[in-house]
Amino acid sequence: MIGVLMDAIYREHDTGGHPECGARLLAVERAVGRLPQDSVIPLSPVAAAVEDLELVHDPKHIRGIQSRIESGATQLDMDTVVSPRSFDVALHAVGGALAGLDRVIAGEMKRAFFAVRPPGHHAEPNRAMGFCLFNNVAIGARHLQERHGVERVAIYDFDVHHGNGTMEAFIEDPTVFYASVHQWPLYPGTGHPADQGRGAGRGTTLNMPYPAGAGNREYQEATQIFCDAMDRFRPQVLLISAGFDAHFADPLAGHEVDEEGYTSMATLLRQLADAHCDGRVGVFLEGGYHLRALENSVFHTLTALSKDP
């Protein structure tokens, strides 16, 4: 069984002809529709409180984004498009995911997939960027710790772009292990292997960049390296920043993963969660901009994740 959060509200973040558009969620809905429906538990969107965002983001930053959107801004930077509903939709992205994680912790399901927009892993504590307003997965990790007493959370990011915002949120924190496999050089230009954390958090950041042309072999290699590291870290919950833009058909990058590659990664991550996290996994949609590739990749990933041990 897998919980799935999907709702039309997430298409109300209107980005026009931008690659990160509402049509992406229609592709995800088609993928979920291909799953055995008796294996899917529907989840519902709820609005987060500002206090939820403040688990990761500076209050001044939150107010600034809200004010700019309410004042009619259409872009926060050259990449990040917004519309009049974007702040409210972002609140529902965070809130819906937190409510889903609550149900995972309560034991109603082991895995949950949050098909929300805007995505989040580029959003830094004090900066919106890279299509992202607030960092959904980072807020989810802090929510698990602050509201549910989870001591150790692991985040695995297989979006082709490095999750600079998530890394920055936990760069000095030894209780959240952030790992990323990504293309380099590529936007946002972060994620060098030497970036392993700072201070008390040194050793709980793992960056695995690969040049253009990397595919299934490299992504499986990176995922196995992460899984081996988790034998030492022993996470209690696994969160995944699931970007599907490493697919060979994706127009925004140059990696060559296919559906078999996503299946292999998801299988390793499911086994990791079963071994260390009592099976508990929260999956956050990030990138993926070729609609057919996105549909197929999501379908294969969720199929692999939702299998019973």
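Every number here is computed from the coordinates shown, using simple stated rules; none is lab data. As the structure is a computational prediction, the values presented were derived from the model and not from experiment. Here the Cβ is made from the backbone with ideal geometry for all residues, glycine too, and neighbour counts use every protein chain on show.
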**Report entry** In sequence order, calculated HN-Hα J values of segment 267-276 (Karplus, 6.51, -1.76, 1.60; Hz; x Gly/Pro)
**Finding:** 5, 4, 5, 5, 5, 4, 5, 5, 6, 10
Report summary line: Checked the chain against the a/c 1.5 cut and the a/b vs b/c comparison, axes a ≥ b ≥ c from its Cα gyration tensor; verdict rounded
Query raised in the report: Okay, helix-only estimate at 222 nm for the chain: each DSSP H run of n ≥ 4 adds -39500 (n - 2.57), divide by all residues, round to 500 deg cm²/dmol; what do you get?
Result: -12000 deg cm²/dmol
Query raised in the report: With charges only on Cβ, +1 for K and R and -1 for D and E, what is the dipole size of segment 116-247 about its Cα centre, in debye, rounded to 20?
Result: 220 debye
Query raised in the report: Going by how many other Cβ atoms sit within 10 Å of their own, how do Asp195, Asp58 line up, fewest first?
Result: Asp58, Asp195
Report summary line: Proxy exposure order for His13, His121, His148 (fewest C-beta within 10 Å first) is His148, His13, His121
Requested in this report: Starting with the fewest neighbours, write out Cys277, Cys132 ranked by other beta-carbon atoms found within 10 Å of each beta-carbon.
Outcome: Cys277, Cys132
Requested in this report: Net charge near Leu294: determine it from the other residues with C-beta under 14 Å of the C-beta of Leu294, scoring Lys and Arg +1 and Asp and Glu -1.
Outcome: -4
Report summary line: Given unit charges at Cβ for Lys, Arg (+) and Asp, Glu (-), the dipole magnitude of the chain about its Cα centre in debye, nearest 20, is 300 debye
